[in-house]
1. Just one of the numbered conditions (1) over 16 Å from residue 20 (Cα atoms); (2) in contact (Cβ under 8 Å) with a residue 40 or more places away in the chain is not true of residue 71; which one?
2. State the number of residues belonging to the range 199-241 that are assigned to a loop (DSSP other than H, G, I, E, B), modelled with pLDDT of 85 or more and either of a type in the set (S, T, N, Q) or under 18 Å from residue 114 (Cβ atoms) (or both).
3. Under the condition of being farther than 16 Å from residue 130 by Cα and basic (Lys, Arg), which residue from the range 146-183 is surrounded by the fewest Cβ atoms within 10 Å (Cβ to Cβ)?
4. I'd like to verify a number: residues in the range 159-198 that are within 24 Å of residue 104 (Cβ to Cβ) and either without any contact (Cβ under 8 Å) to a residue 24 or more places away in the chain or charged (D, E, K, R) (or both), how many?
5. Looking only at strands (runs of 3 or more DSSP E) that lie completely in the range 23-90, which have at least 2 residues being at pLDDT below 95 and open to solvent by less than 60 Å² (accessible area, probe 1.4 Å)?
6. Restrict the check to the range 6-15 and report whether at least one residue is part of a loop (DSSP other than H, G, I, E, B), modelled with pLDDT under 95 and touching a Pro at 6+ places or on another chain (Cβ under 8 Å).
Amino acid sequence: MALTSGPTPAPSTTVLVVEDEPAIAQALVHRLSSEGWKVHAVGDGLAAVDAAAQLHPDVVVLDVMLPGIDGLEVCRRIQADRPVPVLMLTARDDETDMLVGLGVGADDYMTKPFSMRELVARTKALLRRTERAARAAELAAAEAPEPPLALGDVSIDRAQRRVVRGEDEVHLTPTEFDLLVALASAPRTVLTRERLLAEVWDWVDASGTRTVDSHVKALRRKLGSDLIRTVHGVGYAFEPSDGEGVTGEAAGPLG
C-alpha cells in the first residue's frame, strides 16, 4: 500500500503516515492532506524506513503494530538516521508500551480509536515545536550562546541541547529536553500539567495530561527519580539537590 496526496502549495510540509489498516490510512491521508500538507502512506515497517530515508518527512504518524518490523523498531531506525518528530499510534492503552515508545524517540502518542481533530492538533503542535527549535538554533548561532543552566549536579546546555548529570551525559529526546528546560527554568516551583502542555507541547487540552505524566516518568528513568517532585492533583516541580544552588540565567517560557 502506498498512498500519496497532492498537489500542495510550495513550500509544503511532508507527512509520512505508517499504518497497515487501509481504511485508517486512507482516512489519515484525506484528513491530513486537507491541511495543505503533502502526505505519503505506507503499510509496513521496512517500507516506512525506506520512505523516511527518501522523503525526509517533517513529521511521522506511526502505528506501533506493523507487519515486518514493528513501529518501535521503525522509530529507532528513523531517529538514528535523522531526527524527526514522531506521533505514535497504539491500540493498547498501556503505560508501559507508551514509555517504551517515548524511550525510542517518539514525541507524542495517541491511543486508538482517536479523534482526527485531536490528531491534527497534535501534529500541528509537533511542527510548531520543530520550527521553534530551528529558530532558537539560528539565534544561538548568530548571538552569544546562553550559559548552561546549572542546578545542583545537573547542567543543561540550551544552545547545544545537551544535559549532563554528574560526569555522565544524559541523552534525551527533543520533547524530554524541552520538558526538562521548562521545569528547570523555575526550580522548586510547581508547574501545572496544563502549563507544561502549553509551553512544551504548544496546545492546551486536559486529555493531554497523561502525555505529560508519561514524559515525566521517562525523564525520571534517565535522570533519576529524585529530581522531579510530583504534587498530586497539580503538577510537577524540579528539585535540585538540597543545599546546592542554581547558576545561569533562567530560560523563561519556551517559545
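The values are calculated or read from the model by the stated rules, or taken from the named source; none is laboratory data. The structure presented is a predicted model; accordingly, all values stated were derived computationally and were not measured. With ideal geometry, Cβ positions are generated from the backbone for all residues, glycine too; neighbour counts draw on all protein chains shown. Surface areas here come from the heavy atoms of the whole protein model, side chains and all, with no ligands, DNA or RNA. Shrake-Rupley method; radii C 1.70, N 1.55, O 1.52, S 1.80 Å.
1. (1)
2. Taking the range 199-241 and keeping what is assigned to a loop (DSSP other than H, G, I, E, B), we get 202-205, 224-227, 232-234, 239-241.
Filter again for modelled with pLDDT of 85 or more, leaving 224-227, 232-234, 239-240.
Checking the rest, the ones that are also either of a type in the set (S, T, N, Q) or under 18 Å from residue 114 (Cβ atoms) (or both) come to 225.
Qualifying residue count for the region: 1.
3. Top of the filtered list is 162.
4. Within the range 159-198, residues that are within 24 Å of residue 104 (Cβ to Cβ) and either without any contact (Cβ under 8 Å) to a residue 24 or more places away in the chain or charged (D, E, K, R) (or both) number 12.
5. Values: elements: 38-42, 59-63, 86-90.
Result: 86-90.
6. Within the range 6-15 (the criterion being part of a loop (DSSP other than H, G, I, E, B), modelled with pLDDT under 95 and touching a Pro at 6+ places or on another chain (Cβ under 8 Å)), the answer is no, since none of the residues qualifies.
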